[in-house]
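Some notes on the structure that comes next.
The values are calculated or read from the model by the stated rules, or taken from the named source; none is laboratory data. Being a predicted model, the structure only gives us computed values, none of them experimental. Cβ: placed from backbone, ideal geometry, glycine included. Neighbour counts: every protein chain shown.
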């Protein structure tokens, strides 16, 4: 999502605290857009639903030729603070299984069956992402990371402080959609086999975000 008031771009990876962050920054017209989709939106799809404050951009978004509007979008994209969060893949898969919104799977199959099912799909987001890895949300077509900061869900409050300092916010992060049904640690859901399946499935995220 794009927030022109705060001059930031938030990349919403499903099940990484996005609902809580949206409650502070606002809600996008399309959920779970990756960085490439947002870059394209800024460069090619003026006017925005939310208008920049600067009078220069307000004028030029309507009267400038398309090539100038594209250049303005490029400038905005470059200078806006771009961030998102990722989550431990084993924990995230449990959260997808227990979710209360979107496609609810816990009432349809066992967790083991769910792991076998997710082995051959992307995720169970209500807005399917068609992305194998969380990393895919942050990279361009050449695999280059285009964001300024990627926080960890496991460290969300402290990483949110970093983001607030960057954006000039003094807002604690509310914890929305907390799943109270999880009564055991996420690793207790796994067998050796299912743990290995998730490791193989999301090895790119595991290697990249563990470093």
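Kindly evaluate residue 149 against the criterion of being surrounded by 12 or more Cβ atoms within 10 Å (Cβ to Cβ), touching a helix residue (DSSP H, G or I) at 6+ places or on another chain (Cβ under 9 Å), within 24 Å of residue 31 (Cα to Cα) and at pLDDT 90 or above.
yes
Let me spell it out: the conditions are (1) in a loop (DSSP other than H, G, I, E, B); (2) in contact (Cβ under 8 Å) with a residue 60 or more places away in the chain, and residue 170 meets all of them except one. Which number is the exception?
Here residue 170 meets the rest and fails (2).
For region 98-130: of the residues being modelled with pLDDT of 90 or more and surrounded by 15 or more Cβ atoms within 10 Å (Cβ to Cβ), which is farthest from the chain's Cα centre (by Cα)?
Filtering first and then ranking leaves 111.
Just the residues that are in contact (Cβ under 8 Å) with a residue 40 or more places away in the chain, in a loop (DSSP other than H, G, I, E, B) and within 23 Å of residue 132 (Cα to Cα), please, taken from region 1-29.
Correct list: 12, 13, 14, 15, 16, 17.
Restricting attention to region 131-145, report how many residues are surrounded by fewer than 19 Cβ atoms within 10 Å (Cβ to Cβ) and either under 13 Å from the mean Cα position of the chain (by Cα) or at pLDDT below 75 (or both).
Number of matching residues: 3.
Filter region 7-32 down to residues that are within 25 Å of residue 70 (Cβ to Cβ), modelled with pLDDT of 90 or more and either under 10 Å from the mean Cα position of the chain (by Cα) or surrounded by fewer than 18 Cβ atoms within 10 Å (Cβ to Cβ) (or both), then give me how many there are.
So the answer is 4.
Could you figure out which of (1) surrounded by 15 or more Cβ atoms within 10 Å (Cβ to Cβ); (2) at pLDDT 85 or above isn't true of residue 72?
(2)
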